[in-house]
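Here is the structure we will look at.
The values are calculated or read from the model by the stated rules, or taken from the named source; none is laboratory data. All values derive from a computational prediction rather than experimental measurement. All Cβ positions, glycine included, derive from the backbone under ideal geometry; neighbour counts span all protein chains shown. Surface accessibility is based on the protein's heavy atoms, side chains included, excluding ligands, DNA and RNA. Shrake-Rupley method; radii C 1.70, N 1.55, O 1.52, S 1.80 Å.
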Amino acid sequence: MDEIMKTMAASASGMRAQTARIRLSAENIANADTPGYRRKTVSFEETFGRTNDARAVTTGPVRLDQGELERIYQPGHPLAGEDGYFEGSNVNLVTEIADSREANRSYEANLRMFDQARQMASSLISLLRR
């Protein structure tokens with residue numbers, strides 16, 4: 001039963017990590033047209049022994065992508081300099097949508113694993129009660 005609980009804990013940590021990734025992708029997509037906005041990213045770190053000796057995933061710090069900001073030529077824009085350019089964001093919508101889909105699929109896989117472990121635990125409990 002202990003192994004099943006470890007599996008559930010690992011799956012739950014994966015769901016929390018993917019939730020953070022989905023949230024950041026949503027923020028990036030929402031701010032794709034915000035001048036000066038830098039794409040947010042998060043890394044994952046595997047932990048061992050923090051959750052009942054089960055492997056778990058945690059998110060690292062949120063980081064700003066230091067890639068070059070898009071230069072947009074629009075002389076009438078309030079943020080445009082004397083040369084008519086201003087800095088847009090460095091969000092690539094195709095990349096964000098792909099990352100969001102990948103995170104969503106990973107979340108769903110963790111959810112299925114959690115549900116399978118829950119069903120196994122429920123079956124074991126009902127067998128022990130007999």
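What the table shows:
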| read-out | value |
| --- | --- |
| Cβ-Cβ under 7 Å pairs, at least 6 apart or on other chains, the range 117-129 side within 17 Å of K6 (Cβ to Cβ), far side open to solvent by 90 Å² or more (accessible area, probe 1.4 Å) and among the hydrophobic types (A, V, I, L, M, F, W, C) | A121/M1; L124/M1 |
| Of all residues making up the range 59-76, the number that are surrounded by 11 or more Cβ atoms within 10 Å (Cβ to Cβ) and within 21 Å of R23 (Cα to Cα) | 7 |
| V62 being over 30 Å from L128 (Cα atoms) and at pLDDT below 90 | no |
| The range 121-130, residues that are part of a helix (DSSP H, G or I) and open to solvent by 50 Å² or more (accessible area, probe 1.4 Å) | S122, S123, L124, I125, S126, L127, L128, R129 |
| Failed item, numbered, when L79 is tested on (1) aliphatic (A, V, I, L, M); (2) without any contact (Cβ under 8 Å) to a residue 60 or more places away in the chain; (3) open to solvent by less than 50 Å² (accessible area, probe 1.4 Å) | (3) |
| Test: residue in the range 82-101 that is under 21 Å from E46 (Cβ atoms) and surrounded by 12 or more Cβ atoms within 10 Å (Cβ to Cβ) | yes |
| Residue tally, condition surrounded by 15 or more Cβ atoms within 10 Å (Cβ to Cβ) and more than 18 Å from A56 (Cβ to Cβ), over the range 105-120 | 1 |
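Residue by residue, here is whether (1) of a type in the set (A, V, I, L, M, F, W, C); (2) open to solvent by 30 Å² or more (accessible area, probe 1.4 Å); (3) in contact with a Gly (Cβ under 7 Å, 6 or more places away or on another chain) holds:
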| position | (1), (2), (3) |
| --- | --- |
| S11 | no, no, no |
| A17 | yes, no, no |
| R21 | no, yes, no |
| A26 | yes, yes, no |
